[in-house]
1. Filter the range 8-39 for residues that are within 14 Å of residue 245 (Cβ to Cβ) and either part of a loop (DSSP other than H, G, I, E, B) or assigned by TED's automatic domain parsing to the domain that holds residue 245 (or both) and give the result.
2. Can you tell me which residue is surrounded by the most Cβ atoms within 10 Å (Cβ to Cβ) among those in the range 163-178 that are in contact with a strand residue (DSSP E or B) (Cβ under 9 Å, 6 or more places away or on another chain) and closer than 18 Å to residue 54 by Cβ?
3. Is it true that residue 168 is over 19 Å from the mean Cα position of the chain (by Cα) and not in a helix (DSSP H, G or I)?
4. Touching a strand residue (DSSP E or B) at 6+ places or on another chain (Cβ under 8 Å), aromatic (Phe, Trp, Tyr) and not assigned by TED's automatic domain parsing to the domain that holds residue 247, is that true of residue 219?
5. Determine whether the range 278-292 contains at least one residue that is free of Cβ contacts under 8 Å to residues at least 24 places away in the same chain, assigned by TED's automatic domain parsing to the domain that holds residue 318 and among the polar types (S, T, N, Q).
6. Please go through the range 189-220 and give me each residue that is among the acidic types (Asp, Glu) and free of Cβ contacts under 8 Å to residues at least 12 places away in the same chain, ordered by number.
7. Only one of (1) part of a loop (DSSP other than H, G, I, E, B); (2) farther than 30 Å from residue 99 by Cβ fails for residue 63. Which number is that?
8. Kindly provide the set of residues from the range 1-12 that are at pLDDT 95 or above and either under 16 Å from residue 138 (Cβ atoms) or surrounded by 10 or more Cβ atoms within 10 Å (Cβ to Cβ) (or both), ordered by number.
Amino acid sequence: MSEVRLYSKADFSECRLTNHPLYSYIQVFFSQELSELVENSTNGTCYALEVGQKLCLVVVAQFQEGQTYPTSLRAQYLDYAQEELALTGIKGKRLLSGAFQLLKRIVPKTIDEVVYVGNYLLSTNLFQPFTTEELQKIEALLQRRFPTKTIVYRSQNSCLNQQLMENLSALNYQSFISRQVFIAHQSQVIQQKKTFKKDRKLAKDTTFNIRTNFDVTNYSERIIELYTQLYISKYSQINPRYTPAFIEAMKTVQNTSFTGVFDEENLIGVTMSWELDGTLTVPILGYDLSYPKESGIYRLLTYYTLLRVNDEQLFHMSSGVGPFKLSRGAEYFPEYIYYKRPASAKERRLSFWLLQKVNTILTRMSNKRAY
């Protein structure tokens, strides 16, 4: 029978699962203040959750202005979603935009009073499966420790988390769509795509150098500069603002690796990949936007990651640029958060009703097309 324990920074040394693939990752978040690793996450406190032989990071958050969406449901659903909406060509987006504006005024700030289970301060979180019994024990422990907090499991999709989603539903957790994600899991399909063959030719002919063994510490500020160009300056201020300290800490984390595209000695493109139980994702990606699109830096970074897809490993490509990812053999899946509000929750009925209506509309839209 699985025992459940919650560790703080002060007593994590008592955890004996030192060989667990997430142990070194969790150590990173106990080694420094959260805001020193993720600049726009000053509203969270990290814990480690041990469930039998499983281990994950837990983040306890509260409302604070200007936070990144991994630690703020308001940022994710009332700010980030509206920004994403503006980039799409979907019908009815003006009506939806108005709904988001209304929700910003009436949804209470207490929606950000959350305990996130398995939240790694990344856009995409990877999960080990929890049984119904384990989920019940986790819930009981968290409700005792944080009785006023909503319990949230982010990053759930039917490709990777079908059983976990069913177990959460059986325990009366509610689902709320968060985004579309793209998963490449069939190497034979991927390698037969015309785009893959074109990318392979690009990799053969390019004058850039691809390096998987370079001094990450020496390039940590440049890595953040490239990531910031793409994800902060181009896309959204609500994306996590990682710091060079985060990059330097991650270079020693188990199952984490860096790939760099170099123009002579100038780093012009980079990925940091992270793997858990056969699933690979790329939480850090950036490239020099001053280079022309024809130089193919993003294509090269994607190609070298897709090469790692085989019968034992798949590539969770996260969200965004759907047509590009679909053309390279990925499939798209709606992604959800699962949540359970505390018994003491007293959000206004109108705001909760509106959130559910928006959820229904977004789910229908996601089922119709990839974007």
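The values are calculated or read from the model by the stated rules, or taken from the named source; none is laboratory data. The model shown is predicted, which means the values in this text are computed figures rather than measured ones. Neighbour counts run over all protein chains shown; Cβ positions are idealised from the backbone, glycine included.
1. 32, 33, 39, listed by residue number.
2. 168
3. no
4. no
5. Yes: one or more hits.
6. Within the range 189-220, 205, 215 qualify.
7. Only one criterion in (1) part of a loop (DSSP other than H, G, I, E, B); (2) farther than 30 Å from residue 99 by Cβ is unmet by residue 63, namely (2).
8. Correct list: 4, 5, 6, 7, 8, 9, 11, 12.
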